[in-house]
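Working notes, structure below.
No value in this document is a laboratory result; all are computed from the given coordinates. Just so it is clear, the structure is predicted and the values come from calculations on it, not from any experiment. Reconstructed Cβ throughout: ideal geometry from the backbone, glycine too, with neighbour counts over all protein chains shown.
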Amino acid sequence: MRWWAFCVLAGCTAMESPKTSVSVPMRNPTASVASQSDVTVGRLAGPWRIVQGAGVAPGGMVRVEADRIVLDGVALPLRPLGQGRFRMGDEVVWVHWLDFDNRTAALGSPDGSRVWIMDRIGDPGERLDAAREILAWYGYDVSRLGRAPQ
């Protein structure tokens, strides 16, 4: 009888679940996502500063040229795919938003592996709020964006 009672009690103890590492993507894959169709290399050309981002170094510099992008000193081939979409090296990056005067842009990989907000002078003011709202709308977790040092 004691053996049976022991077995019943042993069955009631909680088993410890194995510890696994879970990677949560930067973007909710069920959220709709789009690019700004009127963005061209010409509108992006020139120097930028990353003000917030994940998968990139906030505070880092970006330079867009006709056929390449230099991201924090690393040059990658840049090929337009049309409608605000680009191939940057082996990765596809979409421009989700670029303000009318080409001063602030929000870019990201549709798979959520990389996302950033860049600005021509590094101080986007209220445009930063607009960029963050658009990224959040497209399912990016903007609370996880690193910020450039001031």
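Measure nothing but the geometry: give the 0 to 90° angle between the long axis through the Cα atoms of 126-137 and the longest principal axis through the Cα atoms of the chain, rounded to 10°.
Helix 126-137 sits roughly 50 degrees off the main axis of the chain.
If you keep only loop residues by DSSP, which chymotrypsin sites (Phe, Trp or Tyr not before Pro) in region 104-150 have at most 10 other Cβ atoms within 10 Å of their Cβ?
none
Against the longest alpha carbon principal axis of the chain, how many degrees, from 0 to 90 and to the nearest 10, is the axis of helix 2-12 turned?
Taking Cα atoms only, the helix is inclined about 10 degrees.
What does the convex hull of the alpha-carbon atoms of the chain project to on average, in nm²?
Numbers: hull surface 51.2 nm².
Its Cα hull, projected and averaged over all orientations, spans 12.8 nm².
Using label points projected 7 Å from each Cα along Cα→Cβ, tell me how many nm separate S113 and R63, to one decimal.
With each label placed 7 Å out from Cα toward Cβ, I get 2.6 nm.
Find the centroid of the Cα atoms in region 80-98 and in region 116-150, then give the distance between the two in whole Å.
18
Add +1 for every Lys or Arg and -1 for every Asp or Glu among the other residues with Cβ under 9 Å from the Cβ of G46, and state the total.
Residues close to G46 contribute a combined charge of +1.
Could you run the Karplus curve 6.51 cos²θ - 1.76 cosθ + 1.60 with θ = phi - 60° over region 78-86 and give me ³J(HN,Hα) per residue in whole Hz, x for Gly and Pro?
10, 10, x, 10, x, 6, x, 10, 9
Once the dipole of the chain is set up with Lys and Arg at +1 and Asp and Glu at -1 on Cβ about the Cα centre, which of L44, Y138, S23 lies farthest towards its positive end?
Selected residue: S23.
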